[in-house]
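The values are calculated or read from the model by the stated rules, or taken from the named source; none is laboratory data. Please read these numbers as outputs of a predicted model, since none were measured by experiment. With ideal geometry, Cβ positions are generated from the backbone for all residues, glycine too; neighbour counts draw on all protein chains shown. Accessible surface is based on the protein model in full, side chains and every heavy atom, while ligands, DNA and RNA are left aside. Shrake-Rupley method; radii C 1.70, N 1.55, O 1.52, S 1.80 Å.
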Amino acid sequence: MLVYLRVFKESFSFALNALRNNKLRTFLSLLGVTVGIFSIIAVLAAVDSLDKNIKDNLAGLDKNTIYLSKFSFGPTDVPRWKRDNFPQTDHDDYEFIKRNVPDIAASAYVIFGSNETVRYQAETVTGVTITPVSSEIYTIEDFKVENGRFYSELESDTGAPVIVLGADLAENLFDTFNPIGKQVRVYGRKLTVIGVLKKVGAGLGDSPDGRAYVPANFVRRFMNGGISGLPGAVIIKPANGVDLGAFEQVLKQKFRAFRGLKADEDDDFFVNKLSGLVTFIDAIISTLNIIGWVISGFSLLVGGFGIANIMFVSVKERTNLIGIQKSLGAKNRFILFQFLFEAVVLAVVGGLVGLFLVWVIAMIMNGVVEDFEFVLSFGNMFLGFMLSTLIGLISGVIPAISASKLDPVEAIRTGM
């Protein structure tokens, strides 16, 4: 064991000296590995960060929540022309489900939001997503109100002209002023601010912090929310402990009967489960990881070829020295380790530089981008280190073997 440790130490020292004596060549080889490791770890860290922020945003929601709508949240075999002819999910559908489907803990009717302009005196914010939804959404999505309150069931049913603002929207409109009780203008109408939601940060799609919520029945007064009008959905939270498969079947049967669909007719609606959306997101994240590996793999390949090329050049330059070492009794394994460690050290240093650059960018991103946490996990850092080592081993093994097999006499004669 002591002999192998000595060989390791001497080979490592020799490799470091060789790298120091060829700084430009070392830098160019190191650059290829640095770019490769940086590409892979940066992509993996970005995808992991996106996945974490989306999952954190969905953490407060019940994964059993169901969205009944004419739209599918995931891939479907139903052709586009057929889906386009599905009727909109309207308020009557919501009322029927609320009254006739058992085992529902809460249900809400939502009209898919539109981008509107919100004004308060001289302040104007454009492109704000206004979400008309019934009051039960407060229970289903576990909203947290920072200031004021959410609108009540009575206000929701009567379509009261009230509005609840996201944290960022409230800050942009009112700055340091208390917005509760103030009137803003939306849809060309005045609405009273009754609440401001707690800041939640970026998530899937538009952040709730930049949105506003109004009673769906308020919007239905002046916009067509019927079966051929505004796109909507019924959000359903099943009661705790129910069999979700059986619940979904009952829901479909009753809603098909309400829609007047015959036994041989296909559904003209989709039952979208939030758990299915999470699975769909996981599939997208996995695809992004694969794409990142493929694209970044080319960078690693270039870096590996660069190291292999430099190591072949290094073997040729030091042929005479190899012959002298062998004539003095150096074993083949010493020569092998000497060049192999040189390749590994070069790759590892390049990989560490790549990891350092990813870490710097992560710190900058976290300082500049609000409400989004850029994560560089220990797992990804360890993966980068192991990939660097593997690249060095693979790239250096053939040059190292060729160096170890040189005949000492021929090597000395060639180097003269």
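Give region 148-198 a look and list any residue that's in contact (Cβ under 8 Å) with a residue 60 or more places away in the chain, closer than 22 Å to GLY127 by Cβ and out of contact with any Leu (no Cβ under 9 Å at 6 or more places or on another chain), or say none.
VAL186, TYR187
Need the failing condition index for ASN100 against (1) in contact with a helix residue (DSSP H, G or I) (Cβ under 6 Å, 6 or more places away or on another chain); (2) open to solvent by 70 Å² or more (accessible area, probe 1.4 Å); (3) modelled with pLDDT under 85, just the number.
The failed condition is (3).
Just checking, which of VAL360, VAL345 is part of a helix (DSSP H, G or I), modelled with pLDDT of 80 or more and aliphatic (A, V, I, L, M)?
VAL360
Given the criteria in contact with a helix residue (DSSP H, G or I) (Cβ under 8 Å, 6 or more places away or on another chain), open to solvent by 10 Å² or more (accessible area, probe 1.4 Å) and within 14 Å of ALA216 (Cβ to Cβ), does SER135 qualify?
yes
Residues checked against (1) hydrophobic (A, V, I, L, M, F, W, C); (2) part of a helix (DSSP H, G or I); (3) at pLDDT below 70; (4) more than 30 Å from LEU44 (Cα to Cα):
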site: THR287; (1), (2), (3), (4): no, yes, no, no
site: GLY297; (1), (2), (3), (4): no, yes, no, no
site: MET311; (1), (2), (3), (4): yes, yes, no, no
site: LEU321; (1), (2), (3), (4): yes, yes, no, yes
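From VAL184, VAL128, VAL162, grab the single residue that is crowded, with 16+ Cβ neighbours inside 10 Å, of a type in the set (Val, Ile, Thr) and under 18 Å from ASN217 (Cβ atoms).
After applying the criteria, what remains is VAL162.
Scan region 83-97 for residues that are farther than 30 Å from GLY127 by Cβ and open to solvent by 60 Å² or more (accessible area, probe 1.4 Å) and report the count.
2
Spot the failing condition for VAL128; the list is (1) without any contact (Cβ under 8 Å) to a residue 24 or more places away in the chain; (2) in contact with an Asp or Glu (Cβ under 6 Å, 6 or more places away or on another chain), and only one is missed.
With (1) without any contact (Cβ under 8 Å) to a residue 24 or more places away in the chain; (2) in contact with an Asp or Glu (Cβ under 6 Å, 6 or more places away or on another chain) applied to VAL128, the lone miss is (1).
Assess whether GLY127 counts as being on the phi > 0 side of the Ramachandran plot, in contact with a strand residue (DSSP E or B) (Cβ under 6 Å, 6 or more places away or on another chain) and not polar (S, T, N, Q).
Yes.
Select, from VAL234, VAL250, VAL242, the only residue that is closer than 23 Å to TYR138 by Cβ and at pLDDT 90 or above.
Answer to the selection: VAL234.
For VAL214, are the conditions met, namely being open to solvent by less than 30 Å² (accessible area, probe 1.4 Å) and touching a helix residue (DSSP H, G or I) at 6+ places or on another chain (Cβ under 6 Å)?
no
Which pairs do you get when a residue that is open to solvent by 20 Å² or more (accessible area, probe 1.4 Å), found in region 297-325, comes within reach of a residue that is charged (D, E, K, R), reach meaning Cβ atoms under 6 angstrom, with the pair 6+ apart or on two chains?
ILE310/ARG25
Report the residue count in region 248-277 for those that are open to solvent by less than 40 Å² (accessible area, probe 1.4 Å), of a type in the set (Phe, Trp, Tyr) and in a helix (DSSP H, G or I).
Matching residues across region 248-277 total 1.
With GLY379, GLY367, GLY384 as the choices, which residue is open to solvent by 60 Å² or more (accessible area, probe 1.4 Å), modelled with pLDDT under 80 and assigned to a helix (DSSP H, G or I)?
From the options GLY379, GLY367, GLY384, the qualifying one is GLY367.
So which residues in region 234-247 are under 30 Å from the mean Cα position of the chain (by Cα) and crowded, with 16+ Cβ neighbours inside 10 Å?
Hits for region 234-247 are VAL234, ILE235, ILE236, LYS237, PRO238.
Just wondering, is there one or more residues in region 146-157 that are within 28 Å of the chain's Cα centre (by Cα), modelled with pLDDT of 90 or more and aliphatic (A, V, I, L, M)?
Checked region 146-157: no residue is within 28 Å of the chain's Cα centre (by Cα), modelled with pLDDT of 90 or more and aliphatic (A, V, I, L, M).
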